[in-house]
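Okay, so here's the structure we're looking at.
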2 protein chains.
Amino acid sequence: MKILINPERKDWPEINKRTVFENEELSAICKEVFHSITKSGDKALLEYTKKYDNVDIEQLIVSDKEIKEASEQVSEKLKEAIKLAKDNIWKFHQQQEFKTVKVETTLGVECWQESRPIEKIGIYIPGGTAPLFSTVLMLAIPAKIAGCREIVLCTPPNKKGQIANEILYVADLCGVSKIIRLGGIQAVAAMTIGTESVPAVNKIFGPGNQYVTAAKQYATTLGVAIDLPAGPSEVLIMADQSSVPEFIASDLLSQAEHGIDSQVILCSTSQTLLKDVNRIVYRQLENLPRKEIASRAIQESKLVCLPNKETCVDFINQYAPEHYILAVSDTDFFLNGLMNAGSVFIGNYTPESAGDYASGTNHTLPTNGFAKAYSGVNLDSFVKKITFQKVTEEGLKNIGPSIELMAEAEGLQAHKNAVSIRLKLLKS
Amino acid sequence: MKILINPERKDWPEINKRTVFENEELSAICKEVFHSITKSGDKALLEYTKKYDNVDIEQLIVSDKEIKEASEQVSEKLKEAIKLAKDNIWKFHQQQEFKTVKVETTLGVECWQESRPIEKIGIYIPGGTAPLFSTVLMLAIPAKIAGCREIVLCTPPNKKGQIANEILYVADLCGVSKIIRLGGIQAVAAMTIGTESVPAVNKIFGPGNQYVTAAKQYATTLGVAIDLPAGPSEVLIMADQSSVPEFIASDLLSQAEHGIDSQVILCSTSQTLLKDVNRIVYRQLENLPRKEIASRAIQESKLVCLPNKETCVDFINQYAPEHYILAVSDTDFFLNGLMNAGSVFIGNYTPESAGDYASGTNHTLPTNGFAKAYSGVNLDSFVKKITFQKVTEEGLKNIGPSIELMAEAEGLQAHKNAVSIRLKLLKS
């Protein structure tokens, strides 16, 4: 790992820099795929699946029979674990339900917000060696609580045209309405445009590689919303002498195993701690099945020593980590100073894995410094807040003259007229 | 206006279609402008202002002296009107402040959300003949309530290099930190990248023409968030025999005067009402100073007659109007059926102008059908909700084994290890 001792502030932006992807070429591919699917629908989807996933599939939609059979293959022990996670995620997100409050801003002028579900949402789950069923939990559960009417899930099939048992089980458990074996740009395009088998949705959620990310970005230009701009996953750990170096090392590695581009940073005022952790990381790394991936991410990762707690807070806010582990004795100081982060893990017994799976918080979070402006996925992500106003005759008498003056000053006479014509009737 | 009697459902998408802008050429211009500003900073800004706004300016930043002088030019009557609007907007948005609730999802596992302001925000206010100071109110007030540390406002100068008095007065009144005379793509680029005079911000708000819209879209690819994808403004009015045709006509026209591409729709089950309104619209149109613009928008606008209330609700939800005026006796029926809208105006004495200026709700709203997936601007738009979790030793014993099982099933051994290593210590 790279050890940086008291880096100067002018060098922070360089330390905090994330990998940048050139996106222009991808955008051209997206354009072509979206165009073909608009033209040929399902037929194009089957062709792209043959081309990119190297498999001939007959049915895009996964049948009830397949779901039932897959669910039977999942062990009871794993099912119990998943149900515990589901309960916690449900509890935490249900509590986020919006409560309407009416405000009388002026006598006779009542304003309020109401929440309405986004009607149709799409969930993308990447394929590959590991079946990321935990992401199905994180996206389908709040969609269900919000009351979304249609929940479409796309995930690429393996070489035999199948989808992992765990994904099918969890999708069914959480009330996904339709599961489609479809991955990559074509999946995002299908959910944007709609085909014979795939319904068009209003918002697309979920992680993916750079193709999926580019496709989601492209979808936004066609009027479909997306959850978050994506980037490689990251963790920043702030630790002091009260922390346990073995724990810290294991947390750094759990981030590092995600991919070679994972961002891993440990911040402390203690050089001794940094050196201890560095040694332990390499020891723990030896026994990991994903050692190859993790060691490459670890090579690029940074141990940052800063002179005092205040400087640490500034550094962390500038980095704006997706995951932020706080293993310090003076927790309150760091929480009070915190401006930018996706999700925060407090204390020695709160590993990032807790939030990844089962504490109840959502694991779909802003990477790449986006925590400066974006929240992670939460119940709000699945609803719209609509504003309402009701003005009585009395109310219009109270605010009408102000509206008339302001509309006139903006040169919008018809806006003024809409008030004047009403006030006139009230006076007559 | 176009009168459509009982259009078939299959024709609704065509009726509901909005103008589509070809965006590719604009994206190339954006790329060039962003590149120049990255390279030459303020110097490039002055050059673009010369080129596009046709004015030589010396100082990008508006001085305190200018602001003071401008404010003195605004009439006391208008100032009073603006203060009433400010109070109402403040009250309504302040009530939206987030309250943290802690949830113990499992014994020893505590989860919660906290809200933090977005540190630096940018506001874009278009130039032109009408000084849109009401939009300054709508964006600066919630930013101030949220606690944003820096509020930068860009607006293009007129041919003399000046900015409208009202805009300067309102910006100052609402606590804008820096006012820059700068418009178009170059303004959005400057707030994205940062120059000697213009601070880089985390999120950009505000309306604009297709250049500004394209620049905001481009900014998102560089990690800056934006408020909403933009499109021409729209109103849909649902009216029955309890409505007042003169009022309806004035509301349709107040939307139509915004621009020739304004979307204006009136929906009813009564043909008589539609015909009455049509007649009155043309009569009212005669006296408008912006008659030229409004009449072109009115030409394209639609009076839609549908067979019953249920069909109206379906039609309206499919259109997903930015502004939705409900002038009916059976308000509850329509509110219960409502799924998609930006802001709703209830009853004969709630014209759209009320929400545009002074009721207290925000007037920055989703156009172009985006109300299906997006909320309008509200206090949430200026904050991030960060999630927190704190797991005790007891808590980790409760959820740890489930995390281990799930991580293993996803093939993420290091995620499992981070829990196992802690549970092991607890057992020893």
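If I compute solvent accessible area with a 1.4 Å probe over the protein chains, what percent of it on region A:42-138 is carbon and sulfur?
Roughly 49 percent, rounded to a whole number.
With a 10 Å cut-off around each Cβ of B:111-120, the average count of Cβ atoms from other chains is 5.
Heavy atoms of the protein chains alone define the surface here; on that basis region A:23-226 has 42 Å² accessible area per residue at 1.4 Å probe size. Sites listed here are GluC sites (Glu not before Pro) in region A:35-118 whose DSSP assignment is loop and whose Cβ has at most 14 other Cβ atoms within 10 Å: A:Glu58, A:Glu97. Remark: region A:271-279, residue by residue, has Karplus-estimated 3J(HN,Hα) of 5, 4, 4, 4, 5, 4, 4, 3, 5 Hz, where x stands for each Gly or Pro and the curve is 6.51 cos²θ - 1.76 cosθ + 1.60 at θ = phi - 60°.
Taking R0 as 35 Å, what's the FRET efficiency between A:Arg283 and B:Val101 from their Cβ-Cβ distance, rounded to 0.05?
Step by step, r from the Cβ atoms, then E = 0.25.
Taking Lys and Arg as +1 and Asp and Glu as -1, the other residues whose beta-carbon sits under 12 Å from that of B:Val198 total 0.
Note on A:Ser40 and A:Gln241: the extension gain reaches 66.2 nm, defined as 0.36 nm multiplied by sequence separation minus the Cα-Cα distance. In this structure, B:Glu300 and A:Asp64 have a Cβ-Cβ separation that, at R0 = 30 Å, corresponds to a calculated FRET efficiency of about 0.05. Neighbouring Cβ atoms from other chains, within 10 Å of the Cβ of residues in B:208-221, number 1 on average. Accessible surface for B:Trp12 stands near 10 Å², nearest 10, in the context of the full protein assembly shown (1.4 Å probe). With Cα atoms defining each centre, region A:350-414 and region B:110-165 are spaced 15 Å apart in the structure.
Computed over the protein assembly as shown, the Cα gyration tensor eigenvalues convert (square root of 5λ each) into semi-axes of 47, 33, 25 Å, ordered from largest to smallest. The phi-based Karplus calculation (6.51 cos²θ - 1.76 cosθ + 1.60; θ = phi - 60°) puts the 3J(HN,Hα) values of region A:84-101 at 4, 4, 4, 4, 5, 5, 4, 4, 5, 7, 5, 5, 7, 4, 6, 10, 6, 10 Hz, whole numbers, x for Gly and Pro.
Hey, how much of the P(r) for region A:1-146 falls beyond 20 Å, as a percent of Cα pairs? More than 20 Å apart: 75 percent of the Cα pairs in region A:1-146.
In chain A, the beta carbon lying closest to the axis that superposes A onto B belongs to the residue given here with its whole-angstrom distance, A:Asp380, 3. Bridges between two residues of region A:231-374, per DSSP, are antiparallel at a rate of about 0%. For A:Thr129, the point set 7 Å out from Cα toward Cβ sits 6.7 nm from its twins in the other copies, listed from shortest up.
Using θ = phi - 60° in the Karplus curve 6.51 cos²θ - 1.76 cosθ + 1.60, the 3J(HN,Hα) couplings for region B:294-301 round to 4, 5, 5, 5, 5, 3, 8, 7 Hz; x is entered for Gly and Pro.
Of the residues B:Leu173, A:Leu107, B:Leu182, the one with the largest accessible area comes first in the ranking A:Leu107, B:Leu173, B:Leu182, computed with a 1.4 Å probe on protein heavy atoms.
Each Cα pair under 8 Å and six or more residues apart adds its sequence gap; the mean of these over the residue count of chain B is a relative contact order of 21 percent.
Determine the equivalent ellipsoid of region A:231-374 by diagonalising the alpha-carbon gyration tensor, then write out the semi-axes as square roots of 5 times the eigenvalues, largest first, rounded to whole Å.
Semi-axes, largest first: 21, 18, 14 Å.
In the context of the full protein assembly, A:His323 retains an accessible surface of approximately 10 Å², using a probe radius of 1.4 Å and ignoring ligands and nucleic acids.
Using R0 = 56 Å, the C-beta based FRET efficiency linking B:Glu76 and A:Asp261 works out to 0.40. Each 20 Å bin from 0 upward holds the following percent of the Cα-Cα pairs of chain B: 23, 47, 26, 5, 0. Helical content of chain A, expressed as a calculated mean residue ellipticity at 222 nm, amounts to -14000 deg cm²/dmol (DSSP H runs of 4 or more residues, -39,500 (n - 2.57) each, divided by residue number, nearest 500).
Averaged over A:391-398, how many beta carbons belonging to a partner chain fall within 10 Å of each residue's beta carbon?
For peptide A:391-398, the averaged partner shielding equals 4.
Structure remark: mean-square fluctuation, Gaussian network model of chain B, C-alpha springs under 10 Å; the largest value among B:Thr269, B:Thr105, B:Thr367 belongs to B:Thr105.
Accessible surface buried by the A/B pair amounts to about 10300 Å², both sides summed, 1.4 Å probe. In the assembly of identical copies, A:Gln271 has its label point, taken 7 Å from Cα in the direction of the beta carbon, separated from the corresponding points by 9.0 nm (ascending, one decimal). For the listed residue pairs A:Lys384/B:Lys120; B:Lys144/B:Lys385; B:Lys79/B:Lys159; A:Lys2/A:Lys291, the alpha carbons are over 20 angstrom apart in A:Lys384/B:Lys120; B:Lys79/B:Lys159. The accessible surface of region B:158-252, taken with every protein chain in place and a 1.4 Å probe, is 47 percent carbon and sulfur. Starting from the label point of A:Gly147 at 7 Å along Cα→Cβ, the same points in the other copies fall at 3.2 nm, in ascending order.
The values are calculated or read from the model by the stated rules, or taken from the named source; none is laboratory data. Values in this document were obtained by computation on a predicted structure and should not be read as measured data. With ideal geometry, Cβ positions are generated from the backbone for all residues, glycine too; neighbour counts draw on all protein chains shown. All accessible areas refer to the heavy atoms of the entire protein, side chains included, with ligands and DNA or RNA removed. Shrake-Rupley method; radii C 1.70, N 1.55, O 1.52, S 1.80 Å.
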